[in-house]
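The values are calculated or read from the model by the stated rules, or taken from the named source; none is laboratory data. In this text, all values refer to a predicted model and were calculated from it rather than measured experimentally. All Cβ positions, glycine included, derive from the backbone under ideal geometry; neighbour counts span all protein chains shown.
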Amino acid sequence: MPEPATAQSLIDLNALLDNPVFAGGFGLASLGAAVAFGRKGVLIAAGMIRRRMLVGVEISREDPAYPWILAWLSQPRPQETFLAKRLTRINKLSVSTSTITTPNGPTRADFLLQPGYGSHIIKHKNAYISVSRQKQTTAKMATGEPHETIELTTLYAHRHIFEDVFTEARAIAMQANQGKTAVYSVRSFEWVPLGEPKRKRPLGSVVLDEGVKEGIVADVRDFLTRQNWYDERGIPYRRGYLLYGPPGSGKSSFIQALAGELDYSVSMVNLSEMGVTDDKLAFLLTKLPKRTILLLEDVDAAFVNRRARSADGYNGATVTFSGLLNALDGLSAGEERIAFLTTNHIELLDPALIRPGRVDMMVRVGEATRYQAAQMWDRFYGDVDQDSSGRERFLARLQQLGLFDEEAKDGSAPPRTSTAAIQGLFLFNKNDMEGAINMAEGLIPPKVEQ
Ligand code: ADP
């Protein structure tokens with residue numbers, strides 16, 4: 001039981017409070033405590049308000065929506081009201097520059113101003129959104145680049161605005177890429193866009209031998225309708241094509257055009273490049289972008305490496321034959337996977353590559369045939385050569401040069417030319433078909449002394 005305050009103890013307390021030094025200190029201390037208590041209270045209340053009244057969404061740099069949101073943020077937006085004018089501002093901008101160097105022309109640079117790191121406030125429709133773009137202190141293992149996030153925060157009551165923001169941002173991204181084909185290449189352990197998406201290459205602009213293009217396109221289209229067929233049989237939903245033939249015959253151009261036709265991107269790796277190891281290839285193929293055609297260029301490199309390995313036991317930092325097969329076999333199921341392999345040296349490949357699921361279709365894309373030469377002529381000079389007499393003279397000239405012969409007169413291999421060379425000749429004589437006929441001899445490649 002607490003003892004009741006006696007008269008003596010009350011007198012002692014009064015005496016203490018009458019002491020000016022003690023009373024002043026006591027007053028200050030209680031004021032400090034009150035302020036500290038108040039401050040904590042405000043912080044707790046702010047936290048509660050934040051939790052209760054605000055809602056945020058965080059987008060990491062790895063997410064495909066990250067560049068969309070950045071592009072959306074860099075859109076000019078009207079600030080109609082007085083309050084909006086006062087409140088909304090983007091404190092700091094960062095610039096993203098992309099350069100394009102045309103083969104014979106100047107380098108073109110495009111700038112895009114985006115909100116920089118830090119916090120900004122914007123108004124979208126009737127909602128204020130706080131935008132915080134932050135670089136984290138942690139870095140990605142693969143590239144050493146710091147993690148980056150954008151956090152959008154708004155009032156809980158306006159939470160539905162996010163749906164609107166993402167829909168708009170996606171639409172902007174889609175519009176920017178409409179009619180374009182994105183190409184991804186490898187940097188470190190990541191797929192990164194290779195420059196800006198390029199204008200789609202029309203399939204008609206690639207001239208392969210009669211029926212070749214149509215055959216591959218029909219096969220790919222058929223494959224894309226057969227997901228259920230594959231699923232029901234438990235077969236990984238993938239299909240591989242091998243295009244082989246000399247350089248400059250249109251292999252890469254065709255794959256690019258096919259991707260455009262299907263509205264796919266292209267993800268390419270050159271296997272002859274140093275640094276593309278077995279592990280890296282396997283890893284990259286598990287992380288392919290969606291709706292993409294995988295293009296493995298120069299697959300013969302993997303076979304050359306096998307030889308090098310058996311000779312000295314070490315093949316350097318490149319892909320091996322078994323590494324390539326493993327990567328193809330592991331090509332992820334679930335989503336459709338279309339792989340194109342190209343080589344200039346079919347003779348170096350191993351038959352183990354030609355197996356369903358690895359390479360289902362093999363197509364030679366070779367030197368220019370009569371059919372191709374005629375088609376290319378029509379594409380270049382069709383409008384000026386209305387009675388096709390120019391084309392017939394051009395073809396007759398190529399015939400005369402022996403470019404379509406089965407066998408040369410002396411029994412040796414006949415001369416051949418590439419579609420790239422014919423295109424070069426026509427480009428040189430852009431508006432001059434007579435010039436193209438006169439210079440046709442230049443299509444014969446110079447003899448290489450053995
Ligand atoms: P490859 O991949 O077979 O080495 P490319 O597709 O890279 O050949 O062709 C090189 C260049 O030649 C490109 O500019 C392309 O436009 C042109 N070209 C080559 N073959 C063809 C073809 N069959 N049809 C249209 N253009 C072609």
Please work out which residue is nearest to the ligand (Cβ to nearest atom), limiting yourself to the stretch 207-257 and to residues that are more than 15 Å from Arg364 (Cβ to Cβ) and assigned to a strand (DSSP E or B).
-> Gly240
So, of the residues in the stretch 432-449 that are assigned to a loop (DSSP other than H, G, I, E, B) and touching a residue at least 24 places away in the same chain (Cβ under 8 Å), which turns out to be farthest from Ala374 (Cα to Cα)?
-> Pro445
Restricted to the stretch 207-232 and to residues being free of Cβ contacts under 8 Å to residues at least 12 places away in the same chain and hydrophobic (A, V, I, L, M, F, W, C), the residue nearest to Met376 (Cα to Cα) is Ala218
State which residue is nearest to the chain's Cα centre (by Cα) when the search covers only the stretch 268-287 and only residues that are crowded, with 21+ Cβ neighbours inside 10 Å and within 16 Å of the ligand (Cβ to nearest atom).
-> Met268
Looking at Phe394, Phe380, Phe426, which one is surrounded by 14 or more Cβ atoms within 10 Å (Cβ to Cβ) and more than 40 Å from the chain's Cα centre (by Cα)?
-> Phe394
Do you know which residues across the stretch 405-417 are surrounded by fewer than 20 Cβ atoms within 10 Å (Cβ to Cβ) and within 41 Å of the chain's Cα centre (by Cα)?
-> Pro415, Arg416
Out of curiosity, is Glu261 in a loop (DSSP other than H, G, I, E, B) and either away from the ligand (no atom under 11 Å from the Cβ) or over 23 Å from the mean Cα position of the chain (by Cα) (or both)?
-> no
Could you say whether any residue in the stretch 169-191 is within 14 Å of the ligand (Cβ to nearest atom) and either of a type in the set (A, V, I, L, M, F, W, C) or surrounded by fewer than 16 Cβ atoms within 10 Å (Cβ to Cβ) (or both)?
-> yes
Filter the stretch 393-416 for residues that are in contact with an Asp or Glu (Cβ under 6 Å, 6 or more places away or on another chain) and either under 12 Å from Ala368 (Cβ atoms) or within 16 Å of the ligand (Cβ to nearest atom) (or both) and give the result.
-> Arg416
By residue number, the members of the stretch 331-361 that are more than 17 Å from Val276 (Cα to Cα) and modelled with pLDDT under 85 are Ser332, Ala333, Gly334, Glu335, Gly357
Could you give me the residue pairs with C-beta distances under 8 Å whose first residue belongs to the stretch 233-257 and is in contact (Cβ under 8 Å) with a residue 24 or more places away in the chain and over 15 Å from Ser418 (Cα atoms), whose second residue is within 9 Å of the ligand (Cβ to nearest atom) and of a type outside the set (A, V, I, L, M) wherever it lies, and which are 6+ apart or on separate chains?
-> Leu242/Thr342; Leu243/Lys251; Leu243/Phe254; Leu243/Thr342; Ile255/Thr342; Gln256/Arg201; Ala257/Arg201; Ala257/Ser205
Which numbered condition trips up Thr369, out of (1) of a type in the set (S, T, N, Q); (2) in contact with a Gly (Cβ under 9 Å, 6 or more places away or on another chain); (3) within 22 Å of Val212 (Cα to Cα)?
-> (2)
